[in-house]
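*Asks:* This is the structure, below, for whatever I ask next.
The values are calculated or read from the model by the stated rules, or taken from the named source; none is laboratory data. Source: prediction; values computed, not measured. Cβ sites come from the backbone with ideal geometry, for glycine too, and all protein chains shown count toward neighbours. These area figures cover heavy atoms from the full protein model, side chains too; ligands, DNA and RNA do not enter into them. Shrake-Rupley method; radii C 1.70, N 1.55, O 1.52, S 1.80 Å.
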Amino acid sequence: MKQFQYQRASTQQGVLEAISKPGTKIIAGGTNLVDHMKHGLIAPDKLVDITHLPLKGITPTKTGLHLGTLALNSVVSEDALVLQKQPLLSMALKAGASPQLRNMATVGGNMMQRTRCTYFYDTTMPCNKREPGTGCGAMEGYNRMHAIFGASAQCIAVHPSDMCVALAALDATVIVVGKKGQRHIPFTEFHRLPDDHPELDNHLAKDEMIIGVDIPDNNFAKNSYYLKVRDRQSYAFALVSVAAALDLSGGTIKKARLAMGGVAHKPWRLFEAEKFMEGKSVTEETFKQAAQIALQGAKAYEYNAFKLKLAPASIVEALKQASGLA
């Protein structure tokens with residue numbers, strides 16, 4: 001590993017000054033960054049440790065719930081307010097990674113992890129995400145885990161986070177700050193699709209840092225579910241995951257929220273399927289029709305065609321669990 005400087009930040013302003021210089025990276029839990037440094041995939045000149053900043057809070061607001069960027073995934077998943085108001089987030093967090101990683105990983109760090117696949121780690125293979133312009137080894141390679149939505153000729157990797165799928169479904173907002181001030185980014189717009197620049201995972205500017213996430217109040221607490229289909233129950237990325245949240249009135253769907261993981265370069269929100277369900281009856285047939293709408297535009301590759309059947313089946317199952325039909 002290349003030698004690097006280490007700085008423990010004591011103020012937010014100090015972090016912003018540090019990251020304005022090339023070769024400087026923020027580190028919190030380090031569960032993704034340090035891993036990539038060990039593999040020689042990234043070699044920063046300087047790491048700025050932000051774990052001593054007062055950004056760990058989980059607090060109610062006038063419009064919902066605020067998560068500080070340094071709140072640990074393990075703490076968020078067991079927090080009383082989260083369990084009461086946003087149980088979908090708790091379910092997603094508990095489905096993600098191992099307990100050891102959740103005890104280190106932070107909200108902001110989870111959001112900033114790289115979208116990646118095995119070809120990203122294999123430096124003998126081409127990867128546009130690792131080295132732009134070299135090609136995509138997965139395109140004609142073993143692409144079982146890869147995208148069925150939003151891919152490009154440059155990259156077909158999928159975003160690995162479970163937490164982010166839930167936050168996308170819950171209409172969360174990312175709060176970032178830079179030298180020009182603070183701005184708010186809808187969660188569904190924070191991460192990027194690969195297009196011609198798969199090396200860029202999100203819309204955070206180089207001189208900005210995440211300070212928190214806001215989740216608005218909703219009526220999804222009683223009827224939400226996170227389904228994760230994976231090869232190993234103990235610890236594995238999703239083949240397909242679904243975050244489903246419903247606001248029900250009797251047997252009618254007032255509002256619906258759906259997002260998927262394991263299918264795209266970013267958490268994949270299913271807006272058209274949501275619109276279809278609103279005002280419909282809570283029936284398995286409604287859910288099956290919504291799932292078919294959700295799969296419009298999906299494209300498989302040689303080894304992941306099974307996702308074209310697994311994805312709609314998972315959507316139906318998640319909605320049945322959320323609604324109480326299961």
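*Asks:* Among Leu193, Asn143, Gly57, flag the residue with its Cα farthest along the positive direction of the charge dipole of the chain, charges on Cβ as +1 for Lys/Arg and -1 for Asp/Glu.
*Replies:* Gly57
*Asks:* With all pairs of different alpha carbon atoms counted, what Kirkwood hydrodynamic radius in Å does segment 116-218 show?
*Replies:* On the way: mean 1/r = 0.0663 Å⁻¹.
Mean inverse Cα-Cα distance, inverted, gives 15.1 Å.
*Asks:* Averaged over all directions, how much area does the convex hull of the C-alpha atoms of segment 5-51 cover when projected, in nm²? Mind dumping the intermediate values first?
*Replies:* Numbers: hull surface 12.2 nm².
Result: a mean projected hull area of 3.1 nm².
*Asks:* What shape does segment 44-130 have by the C-alpha gyration tensor, where a ≥ b ≥ c are the square roots of the eigenvalues, rounded means a/c under 1.5, and otherwise prolate means a/b greater than b/c and oblate the rest?
*Replies:* Working: a/c = 2.56, a/b = 1.75, b/c = 1.47.
The shape class here is prolate.
*Asks:* Would you calculate, for the chain, the mean residue ellipticity at 222 nm contributed by helices, counting each DSSP H stretch of 4 or more residues as -39,500 (n - 2.57) and dividing by all residues, to the nearest 500? It would help to have the intermediate numbers written out before the result.
*Replies:* Details: 13 runs with 95 residues, N = 326.
Only helices count here, giving -7500 deg cm²/dmol.
*Asks:* A further question follows. Using only Cα atoms, locate the centre of segment 47-75 and the centre of segment 216-289, then give the distance between them in Å, rounded to an integer.
*Replies:* Cα centroid to Cα centroid, the span is 26 Å.
*Asks:* Another question, then. Per residue Cα convex hull volume for the chain, in cubic angstrom? If you can, show how the numbers build up before the last one.
*Replies:* On the way: hull volume 42.4 nm³, N = 326.
In the chain, the Cα hull volume divided by residue count equals 130 Å³.
*Asks:* Moving to a separate point now. Over segment 221-323, consider all pairs of different Cα atoms and compute the Kirkwood hydrodynamic radius from their mean reciprocal separation; express it in Å, one decimal. Present the calculation step by step, with values, prior to reporting the outcome.
*Replies:* Working: mean 1/r = 0.0727 Å⁻¹.
Evaluated over segment 221-323, this radius sits at 13.7 Å.
*Asks:* Right, something else. Roughly what % of DSSP beta bridges within the chain run antiparallel, to the nearest 5? Each step should come with its number before you reach the end.
*Replies:* On the way: 43 of 51 bridges.
Among the beta bridges of the chain, antiparallel pairing accounts for roughly 85 percent.
*Asks:* For a protection proxy built on the mean count of beta-carbon atoms within 10 angstrom, sort 150-160, 196-206 highest first, please. Walk me through the numbers on the way to the answer.
*Replies:* Values: 150-160: 22.8, 196-206: 16.5.
Ranking the peptides 150-160, 196-206 by packing returns 150-160, 196-206.
*Asks:* Here's another thing I want to ask about it. What does the highest-first list of 30-40, 262-272, 304-314 look like by mean Cβ count within 10 Å? Walk me through the numbers before you get to the answer.
*Replies:* Details: 30-40: 16.4, 262-272: 24.5, 304-314: 18.5.
Going by the mean number of other Cβ atoms within 10 Å, highest first, we get 262-272, 304-314, 30-40.
*Asks:* Let me ask something else about it. When the chain is treated as a GNM, springs tying every alpha-carbon pair under 10 Å, which of Ile27, Ile42, Ile148 comes out with the largest mean-square fluctuation?
*Replies:* Looking only at Ile27, Ile42, Ile148, the largest GNM fluctuation is found for Ile42.
*Asks:* Further, regarding this structure: With a 1.4 Å probe and all protein chains left in place, how much of the accessible area of the chain comes from carbon and sulfur atoms, in whole percent?
*Replies:* On the way: 7570 of 14690 Å².
In the chain, the share of accessible area belonging to carbon and sulfur is 52 percent.
*Asks:* A further question follows. Could you calculate the contour length gain from Ser10 to Glu140, that is, 0.36 nm times the residue separation minus the distance between their Cα atoms, to one decimal place in nm?
*Replies:* Details: separation 130, 0.36 × 130 = 46.80 nm, distance 4.76 nm.
Taking Ser10 through Glu140 to full extension adds about 42.0 nm, to one decimal.
*Asks:* May I pose another question? When a/c is below 1.5 the answer is rounded, else prolate if a/b is larger than b/c, else oblate, so apply that to segment 19-86 with a ≥ b ≥ c taken from the square roots of the Cα gyration tensor eigenvalues.
*Replies:* Values: a/c = 3.58, a/b = 2.14, b/c = 1.67.
Prolate, because a/c is 1.5 or more and a/b exceeds b/c.
*Asks:* In nanometres, what is the gap between the two model label sites at Ala80 and Lys2, each 7 Å from Cα along Cα-to-Cβ?
*Replies:* Distance between label points: 4.8 nm.
*Asks:* Provide the percentage of antiparallel DSSP beta bridges, counting only those with both residues in segment 1-136; round to the nearest 5. Each step should come with its number before you reach the end.
*Replies:* Working: 5 of 13 bridges.
Roughly 40 percent of the DSSP beta bridges within segment 1-136 come out antiparallel.
*Asks:* Which value, in Å², gives the accessible area per residue of the chain when a 1.4 Å probe is used on the protein heavy atoms?
*Replies:* Averaged over the residues of the chain, the accessible area is 45 Å².
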